[in-house]
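The values are calculated or read from the model by the stated rules, or taken from the named source; none is laboratory data. Worth saying up front: this structure is predicted, and the values here are computed from it rather than measured. Glycine also receives a Cβ, built like all others from the backbone with ideal geometry; neighbour counts cover every protein chain displayed. Just the protein is used for accessible areas: all its heavy atoms, side chains included, with ligands, DNA and RNA removed. Shrake-Rupley method; radii C 1.70, N 1.55, O 1.52, S 1.80 Å.
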There are 2 protein chains.
Amino acid sequence: QQQQAAVSPAPAKTDALLDSLKWDQNGLITAIVQHVDTGEVLMQAFANRLAVQQTLLSRRATFYSRSRREQWCKGDTSGNHINVLGMYLDCDKDALIYLGDPVGPSCHTGAHTCWFTELQQEPHGLRLEGEHTSGRHVPRTTLYALEATIAERRAAMSQQQPGEKPSWTAKLLSKPELLCSKIREEAGELCQTLEENEGSDRAASEMADLLYHSMVLLNLQEVPMEKVLSKLRQRFATSGVEEKESRKAQ
Amino acid sequence: QQQQAAVSPAPAKTDALLDSLKWDQNGLITAIVQHVDTGEVLMQAFANRLAVQQTLLSRRATFYSRSRREQWCKGDTSGNHINVLGMYLDCDKDALIYLGDPVGPSCHTGAHTCWFTELQQEPHGLRLEGEHTSGRHVPRTTLYALEATIAERRAAMSQQQPGEKPSWTAKLLSKPELLCSKIREEAGELCQTLEENEGSDRAASEMADLLYHSMVLLNLQEVPMEKVLSKLRQRFATSGVEEKESRKAQ
Ligand SMILES: [Zn+2]
Ligand SMILES: [Zn+2]
Ligand SMILES: [Zn+2]
Ligand SMILES: [Zn+2]
Ligand SMILES: [Zn+2]
Ligand SMILES: [Zn+2]
Ligand SMILES: [Zn+2]
Ligand SMILES: [Zn+2]
Ligand SMILES: [Zn+2]
């Protein structure tokens, strides 16, 4: 052991840092996987010391299985690895976040995320609602809740009764010229907040308008927001936004 | 007990569902709090049966403290409650997500999130980087990584050497007319993908362009993306986007 330390000073320092984590009575800490583009929480498991070290070195999400009593690299059997772009430790050092770019679904059921069941408190008691195939009861943060609302409005258009007033979203979805004129108008209003010095609250409102109307267009073009974010990440990881634009601007 | 069930059938059904959760040997399951607008993972703790029931009824994030051996409602001493808008259960029923709208910082250190320390694998071994005051080593998903990159470019502008070529972002930040003309141009290009039927990949690229340029404007206007999302949530929770726009369109 002493000889190994002499060859490479690395393990000693790493060992000391790993010692400082707050392992529970079974030698485990919580490991939470979050999607790097969407922010979705994809899965939660536990990691022992070796699983943390293997994740650090392989950059693939690795855990410790409490039932099988061994480390496992997610995807070694299914092929659905999770590439780990960053690892973060919480304030009391007993929980890690693996910021990940998953290959395929993260859940063994085939679902995108392990959380597809909602707890609903109803007058007559608790209800569990949701199934892994539908993705209707996943925890949706604001951007994805808006995306889902737009998709619901579109789905409802075919059931529209004659004489029933369509929603504003349905109107935009059925009139591309109206939608495009609104997007251009909202972009102009956003610029105006800067040009006319209208303040940060107006700027936030106009950005909200622009985002909403653009997302209606994305729905018509069958583009999930996740794809837009994935493009943005690839671009600015390679400074692509900057490069492309400075080329054009010359 | 039989009489109670006769008065109100609710608890029996709720009890059966709570029985079906996979409590560990200490009667606990993992509880993860996620920010409803930004998707940030804010904190992780454990919940016992009573903590889950209290969260369901009070809609305030409640946990079980393993060290103090009691339930605690986060914020009861600090005032920093977390309002719970949704509760979700994972595939194997041993981990909950509380989708939350926090009042103030979620971490007892005063940090926004408990994850402010990054694990970095360097040639000479593991390194822990980050402190609760800086927020520089938090797990950043794509939208917030872009927001931070833009802010860094802006901060770097004051250290620009004479003759050094500024980044494209710095150029946009220093020339509001150029920025506004780019935002209008990108909005037009996004619309064109629909008008000219250019396909979903072009639409995703143009949306990425529009988002990036708009976020440069938001930086100049001191608007965090979180504020835009919070406005969007408030609007479509009350169908406000729809109402406002259909009024205007009449
Ligand atoms: Zn996703
Ligand atoms: Zn912790
Ligand atoms: Zn799962
Ligand atoms: Zn507007
Ligand atoms: Zn936040
Ligand atoms: Zn689980
Ligand atoms: Zn904390
Ligand atoms: Zn630092
Ligand atoms: Zn473009």
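Within the stretch A:170-182, residues that are among the basic types (Lys, Arg) reach partners that are modelled with pLDDT of 95 or more and open to solvent by less than 10 Å² (accessible area, probe 1.4 Å) with beta carbons closer than 7 Å, at six or more positions or on different chains, in the pairs A:Lys182/A:Leu172; A:Lys182/A:His213.
Scanning the stretch A:116-142 for residues that are among the hydroxyl-bearing types (Ser, Thr, Tyr) and more than 7 Å from chain B (Cβ to nearest Cβ) yields A:Thr133, A:Ser134. Each residue in the stretch B:81-98 was checked for being open to solvent by 10 Å² or more (accessible area, probe 1.4 Å) and either in a loop (DSSP other than H, G, I, E, B) or facing chain A (nearest Cβ under 7 Å) (or both), and 6 pass. Summed over the stretch B:35-92, residues that are hydroxyl-bearing (Ser, Thr, Tyr) and within 16 Å of ligand 5 (Cβ to nearest atom) total 1. Note on the stretch B:226-238: residues that are within 22 Å of A:Ala151 (Cβ to Cβ) and more than 8 Å from chain A (Cβ to nearest Cβ) amount to 3. If the condition is being more than 7 Å from chain A (Cβ to nearest Cβ) and under 30 Å from A:His108 (Cα atoms), then the stretch B:102-115 contributes only B:Thr113. Residue count for the stretch B:145-177 satisfying the condition of being facing chain A (nearest Cβ under 8 Å), open to solvent by 20 Å² or more (accessible area, probe 1.4 Å) and aliphatic (A, V, I, L, M): 1. Would you check if there is a residue in the stretch B:203-213 being at the interface with chain A (Cβ under 9 Å from one of its Cβ atoms), within 16 Å of ligand 1 (Cβ to nearest atom), at negative phi and assigned to a helix (DSSP H, G or I)? So far as the stretch B:203-213 goes, yes, one or more of its residues are at the interface with chain A (Cβ under 9 Å from one of its Cβ atoms), within 16 Å of ligand 1 (Cβ to nearest atom), at negative phi and assigned to a helix (DSSP H, G or I).
Within the stretch B:40-60, identify whether any single residue is within 7 Å of another protein chain (Cβ to nearest Cβ), touching a Phe, Trp or Tyr at 6+ places or on another chain (Cβ under 7 Å) and surrounded by 19 or more Cβ atoms within 10 Å (Cβ to Cβ), and answer yes or no. So far as the stretch B:40-60 goes, yes, one or more of its residues are within 7 Å of another protein chain (Cβ to nearest Cβ), touching a Phe, Trp or Tyr at 6+ places or on another chain (Cβ under 7 Å) and surrounded by 19 or more Cβ atoms within 10 Å (Cβ to Cβ).
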